[in-house]
1. On a straight-distance basis, which lysines could pair with Lys121 in a cross-link, Cα separation under 19 angstrom, same-chain partners fewer than 8 positions away excluded?
2. Within a Cβ distance under 13 Å of His114, other residues only, what is the Lys/Arg minus Asp/Glu net charge?
3. Considering the Cα positions of region 6-107, please state its Rg to one decimal place and its Dmax as a whole number of Å.
4. Treating the beta-carbon of each Lys and Arg as +1 and of each Asp and Glu as -1, no other charges, what is the dipole magnitude of region 6-107 about its Cα centre, to the nearest 20 debye?
5. Students often forget the sequence filter, so: which lysines lie under 18 Å Cα-Cα from Lys5 once same-chain residues fewer than 8 apart are removed?
6. Ala69's amide H: which non-local residues (gap 5+, or another chain) put their own amide H closer than 5 Å, with H modeled 1.01 Å from N in plane and none for Pro or chain starts?
7. Could you tally the net charge around Leu100, taking each other residue with its Cβ under 15 Å from the Cβ of Leu100, Lys/Arg +1 and Asp/Glu -1?
Amino acid sequence: MNNMKVKIKYKDESTKGLFAEEDFVKGNLILILKGNYFSEPTRTSIQVRDKHIEHYEGGFLNHHCDPNAELWEIDDIKEGLIVAKCDIAIGEEITFDYQLTESVMACPFKCDCHGNWIKGKDYDEDTAEQEGKDIYSGNFGEYDTGTAAPITKDDSERGSW
């Protein structure tokens, strides 16, 4: 018997996302973020307090500037909780706002919502430039020009950024 309330599937030809397999009412628990954790972010980790959690389904949560889910951090619970921010219908993609949860993004990107750079809530351009981190200095190489090759079915089993 499959108890999953969510399903990983393609949202287009090259990008996977996390989708509701049942209706969620605002405030419903979607995921408990358990898994390996790291001190530095990865492309698919989700930051919970000072740790970056690699959670399989969580790795497929895509960014949206007006998301339908959010991360809750509760004092007595070490895991992060992904909770419905509003009602979510069966088949709807589940998203959250990376800009509100991640201190600094491992792989900054331009969002599909508004084309804004998503770099993390604590991103500091002056500090990044002083430390010589080109990826945070505004020079995003091929990603800045929109010429980066999309992730394809053969390239990765992970979600989009």
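1. Cα-Cα hits under 19 Å: Lys51, Lys110, Lys133.
2. With Lys, Arg at +1 and Asp, Glu at -1, the net is -2.
3. Cα radius of gyration and Dmax of region 6-107 are 12.9, 41 Å respectively.
4. Computed charge dipole of region 6-107: roughly 240 debye.
5. Lys16, Lys26, Lys34, Lys85
6. Lys85, Thr95
7. For residues surrounding Leu100, the net value is -2.
Values quoted throughout were computed directly from the atomic coordinates according to the rules given, and no laboratory measurement underlies them. Bear in mind that the values here come from a model prediction, so they are computed numbers and not experimental data. Don't worry about glycine lacking a Cβ; one is built from the backbone with ideal geometry, like all the others, and counts go over all protein chains shown.
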